[in-house]
């Protein structure tokens, strides 16, 4: 019986080695898949999972902005800070700290998140609220949004009510005050 036990022990050892090899191969495959899947994750998807969190951002032409991430859409996000709201274009965003480790894929987003930047700006124009438009080159223009076009907004500036057309492509963020 000793030779049978030795033979079974040998087969058990081979089986354990095969399982260990399979587990190592599977772990490497899972790591590769994980890396491949993560390359599909977008910054807005990470930010969507962070709604309701306090985040710190760096925005081109504006600098550091911190506050509660209130809404995320495909083109922009809304950051609520002390006494003011910031509508920030994703294209002007440079860094985000404090974001969730998770991501929410775009297929799981509400249809409301498909609203473009123009929708957010139209809401400000409808309220005739004073705001500051921050451009990506660092310049600012204060006034009241009058009308919003497909790729630009009309801002009435100064007491003379000079009209200024601002292209979305040059816009980094819009700051409104409560």
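The values are calculated or read from the model by the stated rules, or taken from the named source; none is laboratory data. Quick caveat, the model's predicted, so the values are computed rather than measured. With ideal geometry, Cβ positions are generated from the backbone for all residues, glycine too; neighbour counts draw on all protein chains shown.
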Quiz item: In this structure, is residue 43 surrounded by 13 or more Cβ atoms within 10 Å (Cβ to Cβ) and either within 26 Å of residue 102 (Cα to Cα) or at pLDDT 70 or above (or both)?
Solution: yes
Quiz item: With respect to the numbered conditions (1) in a loop (DSSP other than H, G, I, E, B); (2) surrounded by 19 or more Cβ atoms within 10 Å (Cβ to Cβ), which one is the sole condition not fulfilled by residue 55?
Solution: (1)
Practice problem: Taking the options 96, 174, name whichever one is under 16 Å from the mean Cα position of the chain (by Cα), within 28 Å of residue 41 (Cα to Cα) and buried (at least 16 other Cβ atoms within 10 Å of the Cβ). | Solution: 96
Self-check item: Criterion: touching a helix residue (DSSP H, G or I) at 6+ places or on another chain (Cβ under 8 Å) and closer than 21 Å to residue 93 by Cβ - qualifying residue of 117, 145
Solution: 117
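Residue-wise test of (1) surrounded by 13 or more Cβ atoms within 10 Å (Cβ to Cβ); (2) without any contact (Cβ under 8 Å) to a residue 24 or more places away in the chain; (3) under 16 Å from residue 86 (Cα atoms).
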{"position": "102", "(1), (2), (3)": "no, no, no"}
{"position": "110", "(1), (2), (3)": "no, yes, no"}
{"position": "116", "(1), (2), (3)": "yes, no, yes"}
{"position": "121", "(1), (2), (3)": "yes, no, yes"}
{"position": "126", "(1), (2), (3)": "no, yes, no"}
{"position": "132", "(1), (2), (3)": "yes, no, yes"}
{"position": "138", "(1), (2), (3)": "no, no, yes"}
{"position": "141", "(1), (2), (3)": "yes, no, yes"}
{"position": "147", "(1), (2), (3)": "yes, yes, no"}
Quiz item: Of the residues 101, 68, which single one is out of contact with any strand residue (DSSP E or B) (no Cβ under 9 Å at 6 or more places or on another chain) and either farther than 24 Å from residue 150 by Cα or part of a helix (DSSP H, G or I) (or both)?
Solution: 101
Quiz item: How many residues are in a loop (DSSP other than H, G, I, E, B) and closer than 17 Å to residue 91 by Cα if we restrict to segment 151-172?
Solution: 1
